[in-house]
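The values are calculated or read from the model by the stated rules, or taken from the named source; none is laboratory data. Bear in mind that the values here come from a model prediction, so they are computed numbers and not experimental data. Positions of Cβ are backbone-derived with ideal geometry, glycine not excepted, and every protein chain shown enters the neighbour counts.
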Amino acid sequence: MSNGTSLQGISTSPPASDQVEISVFGPGVGECVVVHLGNAEWMVVDSCVQTGSKSPVAIDYLKQLGIDVADSVSTVVATHWHDDHVKGISALLEEASQARFYAAGAFRRDEFLAVAQRTHLISKFSSGVAELSAVRKIISQRRELGGGPLEQVSAVQRISSDPGRAVQEIWALSPSAEDAERGIEHIASIIDNQNGKASRIPSLPPNDVSVVLHLETAAGAILLGGDLEHHRGTRMRGWHAILDHPGRPTSKATFYKVPHHGSENADCPEIWQHLLAEQPVCVMTPFERGKTPLPRQSDIGRLRENVDRVFITSARRYASMRRDASVEKAIRSGTRSFRPNSLKMGHIQVRVVDGNWDVRGNGSAAMY
């Protein structure tokens with residue numbers, strides 16, 4: 001993959017009260033989207049941390065802007081429970097003391113709760129169960145003091161409305177009923193029905209219960225694709241279920257957070273026809289923890305068939321560390337994938353300026 005084209009640097013001043021901003025971060029351990037809803041109110045979707053850090057990047061960024069996280073973050077959303085999307089989300093919610101927490105309805109089912117109580121279990125890919133178990137404890141403590149519950153979301157559900165705000169409405173478009181049930185079946189499959197113990201916690205493909213968000217703004221709609229996948233053989237799951245739902249918002253998005261790191265299995269051609277405006281701002285994060293890093297060069301090419309420009313949060317790598325040959329061999333034999341030149345954490349910042357999207361990025365970000 002080429003190095004792309006550099007972007008103008010990130011603004012370190014907070015947005016105006018009536019100005020929409022979407023900041024996309026990754027890859028750290030995961031990805032994160034931070035949205036200024038207007039009137040100094042913020043939403044954080046998913047969470048990630050810098051490599052070698054325990055602090056969620058959303059907290060670091062908002063504090064850099066001079067934002068009080070406790071008072072200003074009103075909404076935290078976990079799109080799904082894979083650790084590449086929720087690392088540090090419990091620490092984020094702990095600091096965002098006024099925020100309501102939203103996740104797919106499957107998180108409240110008995111099967112998930114049974115798994116969440118076994119945070120000592122590990123798998124080849126560690127899961128986000130420990131994070132969401134900690135989230136449950138935080139919410140339980142707040143409820144004892146009169147706070148709100150863990151909010152369940154499902155297909156085509158409006159979760160927030162404020163006509164006086166820059167982002168007037170927030171909609172969850174997924175998961176569909178079929179996908180939610182599939183997610184429960186995956187979770188239940190790792191519970192031993194005889195003794196109620198979880199055998200292990202796998203990384204669950206596909207991303208059955210990933211939440212997709214649709215935001216209504218004066219500058220055009222925003223579509224945050226999570227990791228929702230495209231199931232070609234059925235209209236009841238994934239992107240097809242959103243497209244066919246009679247109650248979904250009909251406005252087309254002018255900003256698109258590309259799902260699943262640009263992977264082909266998340267690309268539904270009908271998204272471009274029915275959910276997106278012509279030439280939307282398209283932003284994605286890369287992923288390198290699996291056998292195949294994403295996006296592939298073919299993924300960039302496929303996206304460019306629909307849009308002139310694609311922005312990626314990071315295309316810049318750390319310099320390679322020199323290691324003893326025996327250490328290098330041990331690392332390679334003990335990991336599923338090994339890439340000595342890891343991608344740096346990147347940041348794409350998009351704000352509405354004079355009615356249009358103004359796209360900026362830090363030194364790791366790129367445009368293709």
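Given the structure, is Arg232 touching a residue at least 60 places away in the same chain (Cβ under 8 Å), more than 29 Å from Gly38 (Cα to Cα) and assigned to a loop (DSSP other than H, G, I, E, B)?
On the way: touching a residue at least 60 places away in the same chain (Cβ under 8 Å): no; more than 29 Å from Gly38 (Cα to Cα): yes; assigned to a loop (DSSP other than H, G, I, E, B): yes.
Spelling it out, it is not the case that Arg232 is touching a residue at least 60 places away in the same chain (Cβ under 8 Å), more than 29 Å from Gly38 (Cα to Cα) and assigned to a loop (DSSP other than H, G, I, E, B).
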*Might you let me know whether segment 226-233 holds any residue that is surrounded by fewer than 24 Cβ atoms within 10 Å (Cβ to Cβ), among the basic types (Lys, Arg) and at pLDDT 90 or above?*
yes
_Members of segment 54-73 found to be under 24 Å from Gly225 (Cα atoms) and touching a residue at least 40 places away in the same chain (Cβ under 8 Å), listed by number_ = Val57, Tyr61
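Only residues that are of a type outside the set (D, E, K, R), under 18 Å from the mean Cα position of the chain (by Cα) and farther than 12 Å from Glu178 by Cα: list them for segment 229-238, please. Lay out the reasoning, then the answer.
Here is the first cut: in segment 229-238, the residues of a type outside the set (D, E, K, R) are 230-231, 233-234, 236, 238.
With the extra rule that they be under 18 Å from the mean Cα position of the chain (by Cα), the set shrinks to 230, 238.
Within segment 229-238, just His230 meets the criteria.
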*Count of segment 145-157 residues which are closer than 14 Å to Arg100 by Cα and assigned to a strand (DSSP E or B)*: 3
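Take the conditions touching a residue at least 40 places away in the same chain (Cβ under 8 Å) and not in a loop (DSSP other than H, G, I, E, B) and apply them to Leu215. Does it pass? Spell out how you get there, then give the answer.
Working: touching a residue at least 40 places away in the same chain (Cβ under 8 Å): yes; not in a loop (DSSP other than H, G, I, E, B): yes.
Yes; evaluated as a whole, the condition is true for this residue.
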*Top-ranked residue in segment 130-155 [being aliphatic (A, V, I, L, M) and closer than 15 Å to Val77 by Cα; ranked as surrounded by the most Cβ atoms within 10 Å (Cβ to Cβ)]*: Val153
*When only residues in segment 13-46 that are out of contact with any Asp or Glu (no Cβ under 8 Å at 6 or more places or on another chain) and modelled with pLDDT under 95 count, which is surrounded by the fewest Cβ atoms within 10 Å (Cβ to Cβ)?*
Gly28
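Go through the residues of segment 198-219 one by one and say whether even a single one is at pLDDT below 95 and closer than 22 Å to Arg309 by Cβ. Steps first, answer last, please.
Quick first cut of segment 198-219, residues at pLDDT below 95 only: 198-211, 218-219.
Now narrow it down to the ones that are closer than 22 Å to Arg309 by Cβ: 219.
Within segment 198-219, one or more residues are at pLDDT below 95 and closer than 22 Å to Arg309 by Cβ.
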*Among residues of segment 22-81, those that are in a loop (DSSP other than H, G, I, E, B) and β-branched (Val, Ile, Thr), counted*: 4
_Residue selected from segment 239-260 under the condition in contact (Cβ under 8 Å) with a residue 40 or more places away in the chain and touching a strand residue (DSSP E or B) at 6+ places or on another chain (Cβ under 6 Å), by the criterion surrounded by the fewest Cβ atoms within 10 Å (Cβ to Cβ)_ = Pro249
*Specify the residue that is nearest to Ile22 (Cα to Cα); the eligible residues are those in segment 296-355 that are polar (S, T, N, Q), modelled with pLDDT under 80 and surrounded by fewer than 13 Cβ atoms within 10 Å (Cβ to Cβ).*
Asn341
*Given (1) without any contact (Cβ under 8 Å) to a residue 12 or more places away in the chain; (2) touching an Asp or Glu at 6+ places or on another chain (Cβ under 9 Å); (3) polar (S, T, N, Q), where does Gln273 come up short, assuming only one miss?*
(2)
_With the requirement that a residue be farther than 15 Å from Leu224 by Cα and outside any loop (DSSP other than H, G, I, E, B), what does segment 158-177 give you?_
Ser160, Ser161, Gln168, Ala177
*Does segment 266-275 contain at least one residue that is touching a strand residue (DSSP E or B) at 6+ places or on another chain (Cβ under 6 Å), farther than 19 Å from His80 by Cβ, outside any loop (DSSP other than H, G, I, E, B) and modelled with pLDDT of 90 or more?*
no
